[in-house]
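Worksheet: the structure to be examined is printed underneath.
The values are calculated or read from the model by the stated rules, or taken from the named source; none is laboratory data. Remember, predicted model here, so these are calculated numbers, not experimental data. Note that each Cβ is placed from the backbone with ideal geometry, even for glycine, and that neighbours are counted across all protein chains shown. For the accessible areas, the whole protein counts, side chains as well, though only heavy atoms, and no ligand, DNA or RNA atoms are used. Shrake-Rupley method; radii C 1.70, N 1.55, O 1.52, S 1.80 Å.
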Amino acid sequence: MKISVIGAGAIGGNLARRLSGAGHDVEIADARGREVVAADVLENGARAVALEDSVQDKDAVILAIPFGVAGQLAGLFASVPAETVVIDTSNYYPGLLTDPIEAVDNGRVESEYTAKLLGRPVVKAWNAALAETQRTKGVPAGTPGRIAIPVAGDADEAKRVAMRLVDDTGFDPYDAGTLADSWRQQPNGPAYCTELTLDELPAALAAADRVKDSAIRDSLMERRAAVLPENPTLEDVVEMNRAAHR
């Protein structure tokens, strides 16, 4: 597939590296310019391109950008064909990673808000796994204990494409329903960054509680200070996330 990743941070870099390693034709772009793309991101054949050249003639475009800024790309996507699959990986952390957004605070589902800003449908994927999980724990299909990643969207074909790409990055894709259902994989629900298998993930999604999970999300810094050691490992962070729901 011809794929573009917009955003060259930890998530975008991981995805560009893994998807190009899986044999896809991958370009990566960042609003800060091509020079911010780390050399190791390109080691499997991905190419750094200018943002304005990144979305044409693509089968899929992955948004690995901060939550709430998708509107800045609406003009870029205005001429992109409807069949191009757009995948949103972002998460809302009000007051920490972004300013509070009233519509989302009042109940608008995160990726529905992103779709509105962008002016086109999106699929939600890869948001519910930590960057370090994505970097280090992807394994071939069929490997025992393979971590699962929820994928939500309204168009069946777009969701199938996203699920195939999740598989290609080393994780079991799980159909988590419509975009309206994607609040169940938002921060900090039981399915969010807890490294669950395909057998475990459905129950975690079903157990999500919007009020409780938002409160857990908003207590992140306090919980980190109280629970985590000075130099936490990935396992420390995953355990903190799991413990919040016991």
In sequence order, calculated HN-Hα J values of region 213-225 (Karplus, 6.51, -1.76, 1.60; Hz; x Gly/Pro): 5, 5, 5, 5, 4, 6, 9, 3, 5, 5, 5, 4, 5
Theoretical ellipticity at 222 nm over the chain - DSSP helices of four or more residues, -39500 (n - 2.57) apiece, nearest 500: -9000 deg cm²/dmol
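With every protein chain kept in place and ligands, DNA and RNA left out, what is the accessible area per residue of region 84-242? Probe 1.4 Å, answer in Å².
Numbers: 7080 Å² over 159 residues.
Spelled out: the 1.4 Å probe surface of region 84-242, per residue, equals 45 Å².
At 0.36 nm per residue, and after removing the present C-alpha to C-alpha distance, how many nm does the segment from residue 74 to residue 211 gain when stretched out fully? Could you put the intermediate results ahead of the total?
Values: separation 137, 0.36 × 137 = 49.32 nm, distance 3.09 nm.
Here the segment from residue 74 to residue 211 would lengthen by 46.2 nm.
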For a label point 7 Å along the Cα-to-beta-carbon line of residue 234, residues of region 147-171 with backbone N under 18 Å: 147-150, 166-171
Candidate aspartates and glutamates - alpha carbon under 16 Å from residue 137, same-chain residues fewer than 8 apart omitted: 167, 168, 172, 195, 235, 236, 239
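In the chain, what percentage of the DSSP-assigned beta bridges are antiparallel, given to the nearest 5? Show your work: numbers first, answer last.
Values: 2 of 24 bridges.
Just about 10 percent of them are antiparallel.
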Sequence-separation-based contact order of region 55-143, relative, with Cα cut under 8 Å and 6+ spacing, percent: 32 percent
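What are the equivalent ellipsoid semi-axes of the chain, built from the alpha-carbon gyration tensor (square roots of five times its eigenvalues), in whole angstrom, biggest first?
Values: eigenvalues 139, 84, 66 Å².
So the equivalent ellipsoid measures 26, 20, 18 Å along its semi-axes.
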Whole-number D in µm²/s for region 120-246 (Stokes-Einstein; Kirkwood sum over Cα pairs; 4 °C, 1.567 mPa s): 87 µm²/s
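Using a 1.4 Å probe on the protein heavy atoms, what percent of the accessible area of the chain belongs to carbon and sulfur? List each step's numbers first, then the result.
On the way: 5540 of 11030 Å².
Carbon plus sulfur share of accessible area: 50 percent.
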Among 197-205, 3-11, the order from most to least packed when residues are scored by Cβ within 10 Å on average: 3-11, 197-205
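Can you give the extra length, in nm with one decimal, that the chain gains between residue 25 and residue 200 once fully stretched, where that is 0.36 nm per residue apart less the Cα-Cα distance?
Details: separation 175, 0.36 × 175 = 63.00 nm, distance 3.27 nm.
Difference between extended and current length: 59.7 nm.
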Segment residue 219-residue 120, extension gain: residue separation times 0.36 nm, minus the distance between their alpha carbons: 32.4 nm
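Mind running the shape call on region 27-142? Use the C-alpha gyration tensor, a ≥ b ≥ c as the square roots of the eigenvalues: rounded below 1.5 for a/c, prolate if a/b tops b/c, oblate otherwise. Before the final figure, lay out each step's value.
Details: a/c = 1.56, a/b = 1.20, b/c = 1.29.
It is oblate, given that a/c is not under 1.5 and a/b is not larger than b/c.
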Residue 61 long-range amide H proximity, modeled H, under 5 Å: 4, 85, 86, 87
